[in-house]
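This report refers to the structure that appears directly beneath it.
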Amino acid sequence: MQNSDTNGGVVKRVWRRMGAAGPLFVLGTFATGILAWGAFNWTLELTNTENFCISCHEMQDNVFKEYRNTIHYQNRTGVRATCPDCHVPKDWSHKIARKIQASNELWHHMLGSVDTPAKFNDKRIRLAKSEWARMKNTDSRECRNCHHYDYMDYAEQGRRGSAQHQKGFGEGKTCIDCHKGIAHTLPPIEQNIGAPKVSAEDAEPVVRTVEAKPGP
């Protein structure tokens, strides 16, 4: 009860001081808050554009070049999925969490960790697995901003795609389980999809017989 009375007293004192300062002070404080929030939100959205993403040469010279050769960059309908569409959540709370996590990328930009194609390719598998894990943990949230399972018309899909989608959804799979490498070069890894792979050592030799043609 004492804490409640104390807190109430603090609020009253603040209001009294604001009232004593006059309506202009209250209005100025309110306007400053709006401007501060607007500046913060403007900066946040500025970092949420494709131009900002490729302003670092690490992105422009590596993954952006790969992305330009995919259907997400250019297609018959002109509908594009840009960098933030796939890599940044749209809802505010998850977006802020992702931005905080991405501050690590600024640190590695300053260190020059992937500032050449050779350095980038050396880390490609690790970077790709990290992003795949993030998308897996969110049930491919950014993919589903455009590709929503409930609204897929399987009759309009190819026979193989329709069958695989329904089978995958029934097994609880998510987009990134099967669609790795959809917008960037796929590292040399086994995805565990499709027909079982057989190594060269385990493959049975193929013996071809050629019948001898009778002579003239």
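Could you compute the net charge surrounding residue 142? Neighbours are other residues with a C-beta less than 15 Å from the C-beta of residue 142; K and R count +1, D and E count -1. Residues near residue 142 contribute +4 overall. P(r) tail for segment 34-104: Cα pairs beyond 18 Å make up 47% of the total. In straight-distance terms, cross-link reach from residue 167 covers every one of the lysines whose alpha-carbon lies under 29 Å from its own, apart from those fewer than eight places away in the same chain; here that gives 90, 129, 136, 180, 197. Binning all Cα-Cα separations of segment 22-64 at 10 Å, short to long from zero, yields these whole-percent fractions: 26, 27, 20, 15, 10, 3. Residue by residue, segment 169-174 carries 3J(HN,Hα) couplings of 5, x, 8, x, 7, 10 Hz when phi is fed to the Karplus relation 6.51 cos²θ - 1.76 cosθ + 1.60 (θ = phi - 60°); x denotes Gly or Pro. Karplus-derived 3J(HN,Hα) values for segment 100-107, using 6.51 cos²θ - 1.76 cosθ + 1.60 with θ = phi - 60°, are 5, 5, 6, 4, 5, 5, 5, 4 Hz; glycine and proline are entered as x. Alpha-carbon geometry of segment 57-185: the Rg and the Dmax are 16.2, 51 Å, given in that order.
Taking label points 7 Å from Cα along the Cα-to-Cβ direction, residue 105 and residue 166 give a separation of 3.8 nm.
Can you classify segment 73-116 as rounded, prolate or oblate using the Cα gyration tensor, where a ≥ b ≥ c are the square roots of its eigenvalues, rounded means a/c under 1.5, and otherwise it's prolate if a/b beats b/c and oblate if not? Oblate, because a/c is 1.5 or more while a/b does not exceed b/c.
Every read-out reported here was derived from the displayed coordinates using simple, explicitly stated rules and does not represent laboratory data. Every value quoted in this text rests on a predicted model; they were computed, and no experiment measured them. All Cβ positions, glycine included, derive from the backbone under ideal geometry; neighbour counts span all protein chains shown.
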